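First up is the structure itself, then whatever we jot down about it.
The values are calculated or read from the model by the stated rules, or taken from the named source; none is laboratory data. As the structure is a computational prediction, the values presented were derived from the model and not from experiment. We place every Cβ from the backbone using ideal geometry, glycine too, and count neighbours over all the protein chains shown. Side chains included, ligands, DNA and RNA excluded: accessible areas come from the protein's heavy atoms. Shrake-Rupley method; radii C 1.70, N 1.55, O 1.52, S 1.80 Å.
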Amino acid sequence: MFLTDPGATPYDLRFNLFGFPIRINPVFWIIAIFLAPHKSPREAIIWCLAILISIIVHELGHAIVMRSYGARPRIVLYGFGGLAVSERMPTSWFQNVITSFAGPFFGIFFYVIIEVVIRQFGMPENELLYWFVAYLLTINWLWNLFNLVPIYPLDGGQISRELLTRFMSASTGITVSLWLSIVCCAVVGSYVVMQTGSTYNLILFALLGYQNYQTLVAYNRARKG
Ligand SMILES: [Zn+2]
């Protein structure tokens, strides 16, 4: 997913992976602990580790493709997921679509590898390892499917905007992609909230829908003004 870079803080954790600078904003850990399904400290740590690995794999997908297009991306993890950013982003619509798609693709590929290994060898006997693998499977499946829904600014929303502006005029494409995004927030959001009964999900989809509506209003006003 791409959003704006939240800016550096003195509490950021920084390291390099495959030549990509990675920076982790402290809010990332707060949200991860908040979302932990089991509240025992040991399982919460395992959960945070599974979220960390899953999101890095997803962002590596974006970053590797961006680098292949000549960009020099860095990865930032913050409250709501992560992002791969570069001073020089890919320029063509096709490169943008492939870059957006690469994150969910890497994540789902990682999920498939774990699934194949589990089918071959079974789930680990050790209780903590068992939870670690179970969390990795759940997070990778749900996070990457969620990111493919055509809601802006998720990867799916970036892809739908690129494709719609390619096949319609730029202004119609942007307007249609924002409406599609709002409808998906309502439809997919209602489905997810009914399935999970989670207030967190309700807030998430409501905020995304509202943000998209605000963007649509601002866009229409700017076009008329
Ligand atoms: Zn992404």
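With the condition being among the β-branched types (V, I, T) and either away from the ligand (no atom under 15 Å from the Cβ) or in contact with a Lys or Arg (Cβ under 8 Å, 6 or more places away or on another chain) (or both), I'd like the strands (runs of 3 or more DSSP E) fully within segment 1-98 carrying at least 2 qualifying residues.
20-24, 74-78
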| request: For residues that are among the acidic types (D, E) and more than 11 Å from the chain's Cα centre (by Cα), scanning just segment 115-158, find the one that is nearest to the ligand (Cβ to nearest atom). | output: E115
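Here is a check on your reading of the model: is F101 open to solvent by 50 Å² or more (accessible area, probe 1.4 Å), within 12 Å of the ligand (Cβ to nearest atom) and closer than 30 Å to S190 by Cα? Step through it out loud before you land on a result.
Details: open to solvent by 50 Å² or more (accessible area, probe 1.4 Å): yes; within 12 Å of the ligand (Cβ to nearest atom): yes; closer than 30 Å to S190 by Cα: yes.
Yes, satisfied.
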| note | Restricting segment 188-225 to residues that are more than 14 Å from V149 (Cβ to Cβ), part of a helix (DSSP H, G or I) and among the small types (G, A, S), the one modelled with the lowest pLDDT turns out to be A222
| query | What is the residue count in segment 24-40 for residues that are under 18 Å from A134 (Cβ atoms) and out of contact with any helix residue (DSSP H, G or I) (no Cβ under 8 Å at 6 or more places or on another chain)? | reply | 2
| message | Tell me yes or no: at least one residue of segment 120-131 is under 18 Å from I45 (Cα atoms), in contact (Cβ under 8 Å) with a residue 12 or more places away in the chain, open to solvent by less than 40 Å² (accessible area, probe 1.4 Å) and hydrophobic (A, V, I, L, M, F, W, C). | response | no
